[in-house]
Structures are given as structure tokens and as C-alpha cells.
Amino acid sequence: MRHTTNSFGGLAVALLSATLVLASSGCVYLAVGALGVVGGYVVSPDTVEGTINFSLGETWDASKEIVRIMGTVVEENEAIGQLVATVNGTRVTVSILTINSSSSKLSVKARKSFMPKIDVAQDVYTKIVNSMGK
């Protein structure tokens, strides 16, 4: 009996293995964006975050504008860099931390009825970052 090796099967196993390793590592890099690539990391089932090359003030202004366009701001505290809003019935928390004078860490968390809504978090994150690039 002759046995042949299926190269497609080996490729499928390799891709599945790589996907499982990335999924279990806790942080998955994601590339999203309309015009360019916006880097962010999915750090939990409901949170996307990344480091951006804009100051805290620039990031705060852009975040506030985008969240107001997408939904309703419920709470805002610029002193601690946190916005809480409702977007499509989902509670969205935007947190901004200063890294240095020209860089910030942007984190967007989204939950609806205690369920993670990573798609909403990704959408808000992407729109904030894309708005600052213009």
C-alpha cells in the first residue's frame, strides 16, 4: 500500500497550531483600520489597547469627540483619563494613560449586560486612532 503525504493537511495543522498559541497567550495583535493599519492588542475578551504617538490631551480630545459621535457620554474624568459612554446599548470605558509627553496608552473596554463586546471595543479604538491620524 502506497502512502502519500498531503501538504495541505500539514499546512492546516501548522495554521491551527499557530492560532491556538496566539489565542492562549493572552495578547493577540490585531491590525484594523480603514486607510492604514492601526495597531492594537486584544488584552482580554472585552478590551483593546495600544500605544499611540499622541499626547494625553490630543488623545483625550479625540476620544471624547468620537465617543460623543458614536453614543452618549455617561461619565468623564480628564484628571484620571477616563470616559464612560453608552454605544449601541453597550457600556464603553475609554482609559488613557500618559507614557511620555508625546505618547499615550489608549484602552477601550466594552461590555453589554456583563457580556464582552470586543467588536464594539475594536470599532471605538479604531475610530479614535484613525481620527487622530487625519
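The values are calculated or read from the model by the stated rules, or taken from the named source; none is laboratory data. Note that the structure is a prediction, hence the values are computed from the model and not measured. Cβ atoms come from the backbone with ideal geometry, glycine included; neighbour counts cover every protein chain shown. Heavy atoms of the whole protein, side chains included, go into the accessibility calculation; ligands, DNA and RNA do not. Shrake-Rupley method; radii C 1.70, N 1.55, O 1.52, S 1.80 Å.
By a straight-distance test (C-alpha under 15 Å), which aspartates and glutamates pair with Lys127 as possible cross-link partners, with residues fewer than eight away in the same chain excluded?
Excluding near neighbours in sequence, the set is Glu49, Glu58, Asp61, Glu65, Asp119.
Order Asp46, Asp123, most accessible first, counting only protein heavy atoms with a 1.4 angstrom probe.
Final ranking, largest accessible area leading: Asp123, Asp46.
Once ligands and nucleic acids are excluded and a 1.4 Å probe is used, how much of Leu56 is accessible, expressed in Å² to the nearest 10?
My reading of the accessible area for Leu56 is about 60 Å².
Can you sort Met115, Met70 by 1.4 Å-probe accessible area, starting with the largest? Please report the intermediate quantities before stating the final value.
Values: Met115 115, Met70 40 Å².
Most to least solvent-accessible, the answer reads Met115, Met70.
At a 1.4 Å probe radius, which order do Phe114, Phe54 fall into by accessible area, largest first?
Phe114, Phe54
When we measure straight from the Cα of Lys112, which aspartates and glutamates land under 14 angstrom away, once same-chain ones fewer than 8 places off are left out?
Within reach: Asp46.
Extending each Cα 7 Å along its Cβ direction at Glu75 and Asp119, get the distance between those two points in nm, one decimal.
The answer from the label model is 2.7 nm.
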